[in-house]
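For reference, the structure discussed in these notes is given below.
The values are calculated or read from the model by the stated rules, or taken from the named source; none is laboratory data. Just so we're clear, the structure is a prediction, and the values are computed from it rather than from any experiment. When we count neighbours, we look across all protein chains shown, and the Cβ atoms used for this are built from the backbone with ideal geometry, even at glycine.
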Amino acid sequence: MPLKTAVEYIESLRKLKLDLYLLGEKVENWVDNPIIRPSINAVAMTYKLAHEPDNKDLATTDSMLTGKKVNRFNSLFRSTGDMVSKVKLERELGQRTACCFQRCVGL
């Protein structure tokens, strides 16, 4: 399976059937909700970076299970270099999205 794009990621969220309540009210269209969408956009940036030629090495790595390219956020650390690359990726994402990626955003 090829790496998902940011658009494919967002569309995959639309397929989820969630009973979501926010501030005591049921949210029907949670993907486009103005409170939730900034976090979705921030995570989508991880997918976008993986497809940018200048950031491909930073945002992707080879899977230790399949040998295929995967998003760095979906891989385990195998070395100190992997950890350093992830921190660099988090910094790049923080600069682009003004969001925290140290477990602050996760979908």
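A single member of Ala59, Ala42, Ala6 is of a type in the set (Gly, Ala, Ser), out of contact with any Pro (no Cβ under 6 Å at 6 or more places or on another chain) and modelled with pLDDT of 95 or more, and it is Ala6. In this structure, is Leu49 out of contact with any Phe, Trp or Tyr (no Cβ under 7 Å at 6 or more places or on another chain), aliphatic (A, V, I, L, M) and either crowded, with 16+ Cβ neighbours inside 10 Å or under 21 Å from Val7 (Cα atoms) (or both)? Spelling it out, Leu49 is indeed out of contact with any Phe, Trp or Tyr (no Cβ under 7 Å at 6 or more places or on another chain), aliphatic (A, V, I, L, M) and either crowded, with 16+ Cβ neighbours inside 10 Å or under 21 Å from Val7 (Cα atoms) (or both).
Once region 15-39 is narrowed to residues that are modelled with pLDDT of 95 or more and among the basic types (Lys, Arg), the residue that is nearest to Thr66 (Cα to Cα) is Lys15. When you look at Asn71, is it within 13 Å of the chain's Cα centre (by Cα), in contact (Cβ under 8 Å) with a residue 24 or more places away in the chain and surrounded by 11 or more Cβ atoms within 10 Å (Cβ to Cβ), yes or no? Taking the combined requirement at face value, the residue satisfies it. Residues that are of a type in the set (Val, Ile, Thr) number at least 3 in the following helices (runs of 4 or more DSSP H) confined to region 15-107: 37-51, 80-97.
The residues of region 1-20 that are surrounded by 10 or more Cβ atoms within 10 Å (Cβ to Cβ) and either on the phi > 0 side of the Ramachandran plot or not hydrophobic (A, V, I, L, M, F, W, C) (or both), listed by number, are Lys4, Thr5, Glu8, Tyr9, Glu11, Ser12, Arg14. Residue count for region 76-91 satisfying the condition of being over 12 Å from the mean Cα position of the chain (by Cα) and either in contact (Cβ under 8 Å) with a residue 12 or more places away in the chain or closer than 15 Å to Lys4 by Cα (or both): 6.
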